[in-house]
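Participant: I'd like to ask some things about the structure below.
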Amino acid sequence: MKICAILRVVPDLVEDIEINEEELIPFAYIANERDEHAVEEALILKEKAGGTVDVLGVVDEDTAGDIDDALAMAYAKGADNLIKAILSRKTYRRYEVAKALAGFLKDKNYDVIIPGIQAIDAFAGTLGGMLARCMRIPYIGGAIEIEAQDGALSVKKELGGGLLGEYRVSLPAVVGVVSAERPLKFVPFARLKKAMKEAKVEEVDVEVPEVEGVKVTRYYEPPKPEITLLEGEPEEIADKLVEVLREVSVL
Amino acid sequence: MNILVFAEVIENEVQEITYELVGKANQLADKVVTLAVGEADVNSINSDVIQVEGESSPLNYVVVKKVFEELKPSAVFFGNTLAGIDVAAQFAADMALPIATMVTDVSVDGDGFVATSVAYGGKVMVDLALKSPAVFVVNRGSFPAEDGKGSAKSVKKLDIEIEDGIEFAGYIKPEVEDIDISKADIVVSVGRGIGDEANIELAEELAEVLGGVVSGSRPVVDSGWLPKTRQVGRSGKTVAGKLYLALGISGATEHIEGVKAKNVIAVNIDRNAPIFRVSRCGAVADVLELVPLLIERIKEVKGE
Ligand SMILES: Cc1cc2nc3c(=O)[nH]c(=O)nc-3n(C[C@H](O)[C@H](O)[C@H](O)COP(=O)(O)OP(=O)(O)OC[C@H]3O[C@@H](n4cnc5c(N)ncnc54)[C@H](O)[C@@H]3O)c2cc1C
C-alpha cells in the first residue's frame, strides 16, 4: 500500500502569540499534534498492510525550517520518503491549500492520504475533506483505527461521546486521523539525531491559487476571565482553595 | 433569506446541537429548512424539515448538495462535530463556497455574513467576512437550544441516491467501566500539564481525599496514562456533577464541550489559559507543587 501522511506545523501555544488586528505573530512553531498522530497511524498501517509511507510536510517560506525536526522524527520512526511542499504564499484558507496540494498529489498514485483531522488554526475549513473533494476521492475524518481489508479500508471513526462508527472505504481515499490507535512511539534522542543527519528531504514548490469569498477582518484576544485568579505562594493558594471547596460544599 | 441547517443525527436521534443551530438560523432568516439524514423523530425541530433516508456518513455532503441546489439558501449551518465537519468541509469544497469553522457567532452584514471563530486552542478570536452563500461550522454551546425547539412546520421525505466509496458498517458502543465519570459528583481531571504518567498518582490521591474520581484530557488518554473511558470532551464523556477540578488543562473547545459541572476550579501555570474563562475559581500555580499541599490541607480539615 502506498501511503502518504501529511504533516504541518502550527504556532506553539506554550509560547506567547503576539496578536494584532491584521496578523498573528507566533514565537515558535511545533508539529501539529493531530498530524503527528496521522504519521503514527500511517506507520501502523504500513506495519499491518505492508507498503511505504511518504511524509509530506506542508510549510510556507516562513516556516520551511520549522518542520525539519518533525520530518526527521517521522524518518526515525520508519517513514520511507520525506517531501517538503513549500507553499508559494501563507494562507489560512484550507480550500486554497487543498487545491494546491491536490495539484501536486494527483499523479502520485497514493492509495491512502492521511492528514490530521484538524489544526488549531482551522477557522476557515479543514484540509482532509477539502483535499478529497479536489481529488475526487472518498474522505472520512475522525479516524482512530485504519485496517486494510480486501483492497479497501475498514475505518473506525469517532462520532462523539465515546461512540464509534465503522466504515468501509474504497481506495484511493483520504482518511483524517484524530488519534493514532496507540500512543506516539518514543524515539530516543540519539536515534533522532542520527535521523536528522541521514534523512533526505525532497523539496517542492507548490503554487497556491487564490479563491475569493472569505476574509479575516480582525484577530483579537478573547475576553479576560471574570474571576480574580489566585496567585502567589502555593501554601496560600492551597488555603484559599480549601475555602472554595467549602463554599461549594465539597468539604 | 433562507438558511439550511444540517441536523446532527446520531443513532437515529437528533442531537442537541441541531436545535442550537436552528434557533440561531430562525433569528437570522425568514425561512429555515433543516435537513436530517436518518430515521430520527424530527417533529420537535422548529423549522421546515427535509428528511432523507440514510446513515451518518461523510458522503452525506452529496445529500446537502442536492438540497442546496433546490433551495438556494444564503447559508448552510453545520455543527462542529465529528460527523458534521466531514460533511461540511466536503460540501464547501465541492461547491467552492466560502466556509468558516470553529464558529461561535454569525451575523448578517449587508449582502454577506460575519462569523466569529475561536482558534488557537481558545487563545485567539477571529472575525471573518464571508460572501453569500456561505457555510458555517458552529461550535456546540454557542446558541441556546430552546429557540430551535418547537414543532416542525412541515416534514418532507426525500430519496436521494448517494455515490459509492464509503459504506456504514455499524456503531461500536463505548466501553463500560466500573467508574463512570459522567455520573460522578466530584471529578479531578488531569491534562498534559501533569507532565508525566507517574504524576497521575497525585490526582488519584486528591480524588480520594475529596471522594471523587479521576478523568483526563485527550493527550493524557492518547498517551495511555488513563483509559479511554476517562476522557472528557467532544470525543469522550460529559461531566455534570458538583465539581470539576482541572489540573494542567488548557481549556480547548473540544475539551470544554464535555464540562457541564456546576463548579469548575482550574489550576494552570499560564494565567492566560482559556480554562479560566469557564472557571468559578482559578489558581495560577504549578500543579506538581500545589496538589501535594492541597492534599495535606484537605486531610487536616477533615481531621485525618
Ligand atoms: C475532533 C477532535 C476531538 C477532540 N476531542 C477531545 C476530547 O474529547 N477531549 C479533550 O480533552 N480534547 C479533545 N481534543 C483535543 C483538544 O483540541 C486539545 O488538544 C486538548 O484538549 C488539549 O489537552 P490539554 O489541555 O491537556 O493539553 P494542552 O492544551 O497542551 O494544555 C496543557 C496545559 O497545562 C498547563 N501546564 C503545563 N505545565 C503545568 C504545570 N506544571 N502546572 C500547571 N499547569 C501546567 C499549560 O499551561 C497548558 O495550559 C479533540 C480535538 C479534535 C480535533
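The values are calculated or read from the model by the stated rules, or taken from the named source; none is laboratory data. Worth saying up front: this structure is predicted, and the values here are computed from it rather than measured. Because the Cβ atoms are built from the backbone with ideal geometry, glycine has one as well, and the counts that use them run over all protein chains shown. Keep in mind that these areas ignore ligands, DNA and RNA; they rest on the heavy atoms of the full protein, side chains included. Shrake-Rupley method; radii C 1.70, N 1.55, O 1.52, S 1.80 Å.
Participant: Pick from the range B:217-236 the residues that are near the ligand (Cβ under 8 Å from one of its atoms) and outside any loop (DSSP other than H, G, I, E, B): which of them is nearest to the chain's Cα centre (by Cα)?
Facilitator: B:Val232
Participant: Another one. What pairs can you find where one residue is in the range A:151-177 and at the interface with chain B (Cβ under 7 Å from one of its Cβ atoms), the other is of a type in the set (Ser, Thr, Tyr) and surrounded by fewer than 20 Cβ atoms within 10 Å (Cβ to Cβ), and their Cβ atoms are less than 6 Å apart, with a gap of 6+ or different chains?
Facilitator: The qualifying pairs are A:Gly165/B:Tyr171; A:Arg168/A:Ser154.
Participant: Could I ask something else about it? State yes or no: is B:Ile194 more than 12 Å from the ligand (Cβ to nearest atom), under 22 Å from B:Arg297 (Cβ atoms) and open to solvent by less than 30 Å² (accessible area, probe 1.4 Å)?
Facilitator: no
Participant: Turning to a different aspect of this structure: Just one of the numbered conditions (1) outside any loop (DSSP other than H, G, I, E, B); (2) more than 8 Å from the ligand (Cβ to nearest atom); (3) open to solvent by 30 Å² or more (accessible area, probe 1.4 Å); (4) not hydroxyl-bearing (Ser, Thr, Tyr) is not true of B:Glu254; which one?
Facilitator: (2)
Participant: If you don't mind, another one. Of all residues being more than 12 Å from every other protein chain (Cβ to nearest Cβ) and within 15 Å of the ligand (Cβ to nearest atom) in the range A:1-26, which is farthest from B:Glu254 (Cα to Cα)? Just the residue, please.
Facilitator: A:Ile6
Participant: Next question, about the same structure. Quick check, is A:Ile120 open to solvent by 10 Å² or more (accessible area, probe 1.4 Å), within 16 Å of B:Ile85 (Cβ to Cβ) and within 14 Å of the ligand (Cβ to nearest atom)?
Facilitator: So A:Ile120 fits the description; yes.
Participant: If you take just the strands (runs of 3 or more DSSP E) that sit entirely in the range B:46-140, which of them hold at least 3 residues that are crowded, with 24+ Cβ neighbours inside 10 Å and away from every other protein chain (no Cβ under 11 Å)?
Facilitator: Correct list: B:75-79.
Participant: Hey, another quick one. Specify which of the listed residues (B:Ala169, B:Ala152) is more than 20 Å from B:Val259 (Cα to Cα) and not in a strand (DSSP E or B).
Facilitator: B:Ala152
Participant: Of all residues being within 14 Å of chain B (Cβ to nearest Cβ) and under 21 Å from the mean Cα position of the chain (by Cα) in the range A:179-219, which is farthest from A:Ala42 (Cα to Cα)? Just the residue, please. Steps first, please.
Facilitator: Quick first cut of the range A:179-219, residues within 14 Å of chain B (Cβ to nearest Cβ) only: A:179-186, A:209-219.
The next check asks that each one be under 21 Å from the mean Cα position of the chain (by Cα); those that pass are A:179-186.
Details: A:Ser179: 11, A:Ala180: 9, A:Glu181: 10, A:Arg182: 12, A:Pro183: 13, A:Leu184: 12, A:Lys185: 13, A:Phe186: 16 Å.
This residue is A:Phe186.
Participant: Just to be sure, is B:Val284 in contact with a Lys or Arg (Cβ under 8 Å, 6 or more places away or on another chain) and open to solvent by less than 20 Å² (accessible area, probe 1.4 Å)? Please lay out each step first, then the result.
Facilitator: On the way: in contact with a Lys or Arg (Cβ under 8 Å, 6 or more places away or on another chain): yes; open to solvent by less than 20 Å² (accessible area, probe 1.4 Å): no.
So B:Val284 does not fit the description; no.
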